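Input: a single structure, listed below in structure tokens.
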Amino acid sequence: MRNLLRGQRGILIILAVVGIIALVGTATAFAVGGDRDDDGDENFTGSVAAPQENGPEGSHDESAETQSLQKLAEIDQNAAEQAALQSVPGKVQGVKLEEENGFVVYEVEVAGNDGQTHHVDVDAGNGKVLQQETGEDNDSDEGGGEAGEQ
């Protein structure tokens, strides 16, 4: 009878430990995964608020928008590239200053040393990396070409 109780107690302890590990793993996954909105974009807070768009979507002048964003940016394109490369070693393929999630950010596309294309959003105010997404392989020939290829 004692051996039976020890066996049941041991199983209960093992089940409790497995349950705790599962809870910790789930909490870690949520913490690392970030807060995503309905479009799948990560929500983040930048340090420079973007101006409100006027008029219907798609009717704005991109060059005028870029000029107004450049006036708000506190770091230059080179600093954004360096911040992105510190986060993802590789080669910069393109940089665009834009509004994202209501903030002014540099979107830097990096051909990573890992063979992946990375999209790194860098805060245009303080140079901090706000988010990073991994795209397709750099050496992939599917789809007839790669983004940023000219």
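All of the numbers you see were taken from the coordinates with simple rules; none came from a lab. All of these numbers come straight from a predicted model, not from anything done at the bench. Every residue, glycine as well, gets a Cβ built from its backbone with ideal geometry; the counts of neighbours run over all protein chains shown.
Evaluating 6.51 cos²θ - 1.76 cosθ + 1.60 at θ = phi - 60° for every residue in the stretch 116-125, the Karplus couplings come out as 9, 8, 10, 10, 10, 9, 10, 4, 6, x Hz, glycine and proline recorded as x. Packing, as the average of other Cβ atoms within 10 Å across residues, places the peptides 93-105, 113-125, 62-74 in the order 113-125, 93-105, 62-74, highest first.
Taking label positions 7 Å along the Cα-Cβ direction at both L12 and A79, the computed distance is 6.1 nm, reported to one decimal. Each residue of the stretch 83-97 was assigned a 3J(HN,Hα) from its phi angle through the Karplus curve 6.51 cos²θ - 1.76 cosθ + 1.60 (θ = phi - 60°); the sequence is 4, 5, 5, 5, 7, 9, x, x, 10, 5, 9, x, 9, 9, 8 Hz, with glycine and proline shown as x. Placing pseudo-labels 7 Å out from each Cα toward the beta carbon at K96 and T134 gives an inter-label distance of 2.3 nm.
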